[in-house]
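The next block holds one structure in the form of structure tokens; read it before the comments.
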Amino acid sequence: MTESVETTALTPVPGATGQTGTVVRSTVLKRLFKNPLGIIALVILLGMALLALFADVLAPFDENFANISKTLASPDSVNLLGTDSSGRDVWSRLLFGAQLTLLSALLCAAVAIGIGLPAGLIAGYYAGKFEAVSNWIVSILMSLPGLIVLLTIRAAFGPSVWIAMIAFGVLISPSYFRLTRSAVQSVRNELYVDAARVSGLSDLRIITRHIFSVVRAPIIIQTAAIAGVAIAIQSGLEFLGLGDPAKATWGVMLSEGFKNVYLTPTLLFWPAFAMALTIGGLVLLGNAIRDALEDGEKIKHRRTRTPGTDPVTGRRPTAAPAAVRPSRKSVPAVDPGTEHHLVKVTNLGVGYPQADGSIKKVVDDVSFHVDRGEILGIVGESGSGKSQTAFSILGLLPDNARVVAGSIQFDGSYTVAPGEERVSQERLSKLRGKRISYIPQEPMSNLDPAFTIGYQLVTPMVRVLGISKAEARKRALKLLTDVGIVNPERTFNAYPHEVSGGMAQRVLIAGAISCEPALVIADEPTTALDVTVQADVLDLLRELQQRLNIGVILVTHNFGVVADLCDRVAVMQNGRLVEEGPVRDILRNPQEPYTQTLLASMLEGKEPMSTLVSPLQKEPVA
Amino acid sequence: MTRFILKRLGSGLVVLFAVSVLTFFLLYISSGSIARNILGDQATPEQLAVKEAELGLDQPIAARYFSWLTDALGGNLGTSWFTSEPVASSLATRIPVTMTMVFAAMILIAIIATLIGVAAAVKRGWVDRVVQIGAIVGDSIPGFVIGIILVTILAIQLGIFPATSTISPGEPASAWVLSLTLPVIALLINGVTGGAQQIRSAVIKQLERDYVRTLRSRGIGEREVLFRHVLRSAAPAGLTVLSLQLIGMLGGVVIIEQIFALPGMGPLAVAATGQSDQPVVMGVVMYTVAVVILVNLIVDLLNGWLNPKVRAS
């Protein structure tokens, strides 16, 4: 349950109401009604539907009643919106047009759902031959230009709006098919579906009960979009004069208006307006439902936040930047009052602005320092703020993060001066890569899949050190050898997906030391690796650190790794520094109860302390 | 690589074949009164029979299809039943007009949508909101209605552009540009709003990826991270949308050409389908589907080039 501050902090919730929605489904509708855009959309669509439904009652004239003596008339009390070139009432025709337009959009969507949904359910659930055949049909349907096909259909079956819309429904059904199929595929192997299967529910029951609930919302969104397209296509056909001339439709009215554009361009306005309003309502509805669903996702995340941390600091993000930030001139380059360290973090606080204007602190009053040649371990559970602390030194906090207190100095210069709200990118961009570097946690996701490993090693050296590509290539191959890669040429030319996780992590370590930094920040560098590879990578880190005499900040949740590698350790809990000191002291004699429980839980069932002796031959710089 | 291309071309040919069969049989449904439509009400039954024999309508449908197919494979698309003009030559004069517009619109969509999408994703805030609102407005108005609005305001009311086209193969480039500006704008607005949305969400998704942080930590500048790495990974999403938009545009252009009275494939398609002029309809359908297949192939190749994982499989 503690998976939390970090994830939540990365995706803060704008406008969330803080409710703890477990049943997201039922609240989607509620959120839809809270969203003004959703309400506008519903009002527009409902209004259109009512106008269409009661067109016979509301329209003062028959759609084709022509008053020959009153053509192209301006609006008056009889003809509310004027008349067209045959003296027909524009308002009445608009109403009957709405009827036809909405019905044809419904028909098209119904046909498309009727074909696409069951086919997608079957293809997604059973896969096999049916899916293969369906995919073929889909690829054919999707390479057909709709309007051209509809023209051909019309040639075959005559000018019927309904036939055209059925045909268009068939043409557009792949969009439902693909949507349903991929949704079903993604839940097919979920535990609850397995559970349902094991408990003996029939496939039909599983599909209707479990799977249908997953695709329902995306289908509504898709339907809003498709209804809009159907209206556009149907009106387009009518505009071309390919519809039934006896029916009043918006497309026909546009065409009629366009013929008289030199005389009364207002004739164009009403059908265009009606069309834009209706399609706009559908677009807004789709957006609002999507937003409601996304908010639901966010609230689900939010629910898991660690309780007990103080959410309010009283600092308002909107007022802060101009008012609080002191002028840069007042910041001395070197703080003369204190001793010199490679990195010095002083009373650091990091927070994320919340929807209600408060700031949620994830790092609070944290101070420590690191010197060249030493390894500082920052230990804590997920959500303790250890990674946030590390990222603030790198200046790679998410955009919405704020430094709410304290300062960070690197080699005597402030990267975050006291009172500054954000890490200075201007100052840090000169340091990153060159003097401070980073080894990430998950090796595979930290290499760009589109570029070769060689490219990703060479480019930073070319940019940071200003050396030639050939020179950088030579160095990269040397680095790959240094990190223990047996065939550096092959790895150099490989893409990330072609190497193993352990190898990728070695590549990332090579990248981190490629520009000879003074400080390396390693964020759980072994967590994602196999146990057998972990030890190798740790050995490699220690060996490089000693040879190059660099300072290392090692972020981890594993005391074993700390004992193995670090000189000093800082223990963090809920954003605060609980305890800090030489590894030996803290492991042997933890003062804080939190450290004790952490140690107890982590060393349970292991041979305690036995690894302690070897890595600590070097006296810790305390 | 060659195998991939051949495989895709092969499946493209199968699609083309399937579409030709479907279209041919659809047109067969309405071919009963063709001879009368051509010759008029005064024609005697004998004259009608002669005409039907001339067009091959007395043959069974399978034989007619087979003879069309062998001719088409030999490069002969036949002649129009109504105008007697060879299908190939009438397509040849019209394709340049239509395709100039469609491809100009495609290229502009790619550029503009990328710029807008990236700006919205990176700047967020008000830029993003403006783009979102623009997208809703753009999505709400069908392309041909935009065309009508443009022609009414800019051509008819203000007289900045010609309301109807003045283009023909001999005209100078400036006349083409002036005539095609409004139609191309009408064609591209829906594409730009849709494409920008896709690019925006793809870029936002990529910016949250771990490798972006690592690249920044290596000292790679923000611009390089964005344009070389993020955009490259976001591009496939945009390309896929672009290829779908092209398919829609090949239909939408028919209406646009009608509005601007352009001598493209649109009027030909409308007239031919109205008369069930089978050779012409077959020619138009085959040509457009072939373009779609070709563009899809190019998109697949580009995606493979952008994503080495796809290339491998």
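The values are calculated or read from the model by the stated rules, or taken from the named source; none is laboratory data. Every value quoted in this text rests on a predicted model; they were computed, and no experiment measured them. In this analysis, Cβ positions are derived from the backbone assuming ideal geometry, glycine residues included, and neighbour counts consider all displayed protein chains. Side chains are part of the model used for accessible areas, which takes the heavy atoms of the whole protein and leaves out ligands, DNA and RNA. Shrake-Rupley method; radii C 1.70, N 1.55, O 1.52, S 1.80 Å.
Points worth noting:
- Residue satisfying condition, being touching a helix residue (DSSP H, G or I) at 6+ places or on another chain (Cβ under 9 Å), more than 10 Å from chain B (Cβ to nearest Cβ) and of a type in the set (Ser, Thr, Tyr), within set A:Ser437, A:Ser468: A:Ser468
- A:Gly241 within 14 Å of another protein chain (Cβ to nearest Cβ), among the small types (Gly, Ala, Ser) and within 30 Å of A:Val138 (Cβ to Cβ): no
Let's see how each residue does on (1) open to solvent by less than 70 Å² (accessible area, probe 1.4 Å); (2) within 16 Å of B:Val281 (Cα to Cα):
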site	(1), (2)
B:Ala63	yes, no
B:Phe66	no, no
B:Leu69	yes, yes
B:Gly78	yes, yes
B:Trp81	yes, yes
B:Glu85	no, yes
B:Ala88	yes, yes
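- Test: A:Gly484 is over 30 Å from A:Ala355 (Cα atoms), more than 10 Å from chain B (Cβ to nearest Cβ) and open to solvent by 40 Å² or more (accessible area, probe 1.4 Å): yes
- Residues within segment A:392-403 that are within 26 Å of A:His340 (Cβ to Cβ) and either open to solvent by less than 10 Å² (accessible area, probe 1.4 Å) or in contact with a Lys or Arg (Cβ under 7 Å, 6 or more places away or on another chain) (or both), tallied: 6
- Residues of segment A:440-456 that turn out to be facing another protein chain (nearest Cβ under 9 Å), crowded, with 20+ Cβ neighbours inside 10 Å and not in a loop (DSSP other than H, G, I, E, B), as a count: 2
- Options A:Leu107, A:Leu147, A:Leu100, A:Leu121; residue that is under 41 Å from the mean Cα position of the chain (by Cα), within 14 Å of chain B (Cβ to nearest Cβ) and either assigned to a helix (DSSP H, G or I) or aromatic (Phe, Trp, Tyr) (or both): A:Leu147
- Enumeration of residues in segment B:106-155 that are under 14 Å from B:Thr193 (Cβ atoms), among the β-branched types (Val, Ile, Thr), open to solvent by 30 Å² or more (accessible area, probe 1.4 Å) and assigned to a helix (DSSP H, G or I): B:Ile112, B:Thr114, B:Ile116, B:Val130, B:Ile133, B:Ile136, B:Val137
- Only one of the numbered conditions (1) modelled with pLDDT of 90 or more; (2) part of a loop (DSSP other than H, G, I, E, B) is not met by A:Thr264, and that is (1).
- Any pair with Cβ under 9 angstrom, 6 or more apart, that starts in segment B:216-231 at a residue that is in contact (Cβ under 8 Å) with a residue 12 or more places away in the chain and at the interface with chain A (Cβ under 7 Å from one of its Cβ atoms) and ends at one that is part of a helix (DSSP H, G or I) and polar (S, T, N, Q): B:His229/B:Gln206
- Single condition A:Leu480 does not satisfy, out of (1) modelled with pLDDT of 90 or more; (2) part of a loop (DSSP other than H, G, I, E, B): (2)
- Residue list for segment A:498-518, filter: of a type in the set (S, T, N, Q) and more than 16 Å from A:Lys434 (Cβ to Cβ): A:Ser500, A:Gln505
- Residue under evaluation A:Val138, criteria (1) open to solvent by 20 Å² or more (accessible area, probe 1.4 Å); (2) within 14 Å of chain B (Cβ to nearest Cβ); (3) in contact with a Pro (Cβ under 8 Å, 6 or more places away or on another chain), criterion not met: (1)
- Residues that are out of contact with any Asp or Glu (no Cβ under 8 Å at 6 or more places or on another chain) and open to solvent by 30 Å² or more (accessible area, probe 1.4 Å) within segment A:241-260 comprise A:Gly241, A:Asp244, A:Pro245, A:Ala246, A:Phe258, A:Lys259, listed in sequence order.
- Test: residue in segment B:261-272 that is within 8 Å of chain A (Cβ to nearest Cβ), without any contact (Cβ under 8 Å) to a residue 40 or more places away in the chain and open to solvent by 30 Å² or more (accessible area, probe 1.4 Å): no
- Number of the exception - A:Leu263 against (1) open to solvent by 30 Å² or more (accessible area, probe 1.4 Å); (2) facing chain B (nearest Cβ under 9 Å): (2)
- Test: residue in segment A:414-433 that is touching a residue at least 60 places away in the same chain (Cβ under 8 Å) and at the interface with chain B (Cβ under 8 Å from one of its Cβ atoms): yes
- Every residue from segment A:50-75 that is open to solvent by 60 Å² or more (accessible area, probe 1.4 Å), among the charged types (D, E, K, R) and in a loop (DSSP other than H, G, I, E, B): A:Asp62
- Answer from B:Gly78, B:Gly117, B:Gly74 - the residue that is away from chain A (no Cβ under 14 Å), of a type outside the set (Lys, Arg), farther than 24 Å from A:Leu282 by Cα and in contact with a helix residue (DSSP H, G or I) (Cβ under 9 Å, 6 or more places away or on another chain): B:Gly78
- Residue match in segment B:277-285 (condition: touching a Leu at 6+ places or on another chain (Cβ under 7 Å), open to solvent by less than 20 Å² (accessible area, probe 1.4 Å) and at the interface with another protein chain (Cβ under 7 Å from one of its Cβ atoms)): yes
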